[in-house]
Amino acid sequence: MGFVPKGIIPAMITPLTKKGEVNEKVLRKLIDFLIDGGSHGIFVIGTTGEFYGLRPEEKRDLMLITVDQVKGRVPVYAGTGAITTRECIMLNRIAEECRVDAVSVLTPMFIKPDQEELYRHYKEIAEATSLPIVLYNNLPKTGVTITPATVERLAEIDNIVGVKDSTGDMTNAAEYIRRTSGKDFYVLMGRDTLIHACLCYGGNGSIAACANVAPRLVADIYDRYVAGDIKGSLEAQLTLAPLRLAFTLGSFPTVIKESLELIGIEAGPCMAPVGPMSAEEKKELKKTLEQMGILK
C-alpha cells in the first residue's frame, strides 16, 4: 500500500505527573528530543508506554498530542493492541480519527489463541481499517507468538505491512524475513541488542525502547548500516548493549524512565504496582550511563 516502516522508531514512554496523569509538556519535549536525535519515526502507546494502564480517552489524547507535536516530520505509529478483536478495531478507529500514520497491534495476552485464531484476529482488524498495520510479537510478555508461517499468510493482506519481533529469537526474525522475501512486507527488531543483526539479515530497522534515552546512538546503528559503514553500525550496537542489559535493574519500564530523569527529561513514575528503583539500583544505572557517555 506504499507505506514502508523503516529506521529507528523509539517506543516512547508515557510521561506521567506525580498524580499519574499524562504530562503533556514533557511528552512534547520528549518528542522533540527524539526527532532531533535522528529518530526515523515515533511510536506512542506501546509496551514501553504502559498501554495496559491507559484508558481509551487517554490513548486518544496521547495520539492527538503526538501527531500535533511531530507535525509531519516523521511517521507516527500508535499501539492499538488489546485482548479482543473488537477492542483493537475500536482503538484503530480512534487512531484513524487522530490521523496517525500506522498502527502496531500486539498479540492478545492472557488468552491463548491458536494460529488460525490469530490469523482471523488480524485479518478482521485489517479489514476494518485503512491504516497500515505492523504486527507485534512479544512472546516473553504475552505468552502468545505469531509463527513465521502465520506471518507469511498475513503478509498477503494489503495493509499488513510488517512485523515487530520482540521474541529475542534471531532465528524467528530471520524466518519472518525469509518467508516474506519479495513481498511488500518489512521486519522490525524489537530487541535492542539485535538491531544490527536484524539489518544484516535483511530487516528494516527497529522499534526500540533504548532510543528514548540515546536516540542518536540507536539511530547510528541504522544510519551507518544503510550508508555502508557496517563496522560503524556494529560499533554503535555494541556501545548500546549495556543500556539494554541494564533493564534487569528494575521492573519494566522503570529503568527507561529513571534514565530519562537522569538526563533531564522528567519522565515521572511508572504506573503502580511498578515502583521506583532502589538507591543501589539507581547508582548502578547512573554508572552505566556515565560509562556509555550518555551522562556526563
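The values are calculated or read from the model by the stated rules, or taken from the named source; none is laboratory data. The model shown is predicted, which means the values in this text are computed figures rather than measured ones. Glycine also receives a Cβ, built like all others from the backbone with ideal geometry; neighbour counts cover every protein chain displayed.
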Inset, instruction - Output the number of the condition that T248 fails; it satisfies all remaining conditions of (1) free of Cβ contacts under 8 Å to residues at least 24 places away in the same chain; (2) outside any helix (DSSP H, G or I); (3) under 19 Å from the mean Cα position of the chain (by Cα). - result: (2)
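Do any strands (runs of 3 or more DSSP E) entirely within the range 131-197 hold 1 or more residues that are at pLDDT 95 or above and of a type in the set (K, R), and if so, which?
In the range 131-197, the matching strands (runs of 3 or more DSSP E) lie at 160-165.
Could you check the range 2-38 and list, in sequence order, the residues that are within 26 Å of P140 (Cα to Cα) and either touching a Gly at 6+ places or on another chain (Cβ under 7 Å) or in a loop (DSSP other than H, G, I, E, B) (or both)?
The answer is P5, K6, G7, I8, I9, A11, M12, I13, T14, P15, L16.
Condition first: part of a helix (DSSP H, G or I) and touching a residue at least 24 places away in the same chain (Cβ under 8 Å). Now tell me which residues in the range 53-67 satisfy that.
Applying the first criterion (part of a helix (DSSP H, G or I)) to the range 53-67 yields 53, 56-67.
Matches in the range 53-67: G53, P56, E58, K59, R60, D61, L62, M63, L64, I65, T66, V67.
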Legend entry - Failed criterion for K231 (all others in (1) more than 18 Å from G46 (Cβ to Cβ); (2) of a type in the set (K, R); (3) under 17 Å from the mean Cα position of the chain (by Cα) hold): (3)
Legend entry - Among (1) crowded, with 22+ Cβ neighbours inside 10 Å; (2) over 19 Å from E50 (Cα atoms) - the single one D101 does not satisfy: (1)
Inset, instruction - Output the number of the condition that D61 fails; it satisfies all remaining conditions of (1) surrounded by fewer than 24 Cβ atoms within 10 Å (Cβ to Cβ); (2) over 23 Å from L260 (Cα atoms). - result: (2)
Inset, instruction - Within the range 186-243, work out how many residues are surrounded by fewer than 18 Cβ atoms within 10 Å (Cβ to Cβ), out of contact with any helix residue (DSSP H, G or I) (no Cβ under 7 Å at 6 or more places or on another chain) and not basic (K, R). - result: 8
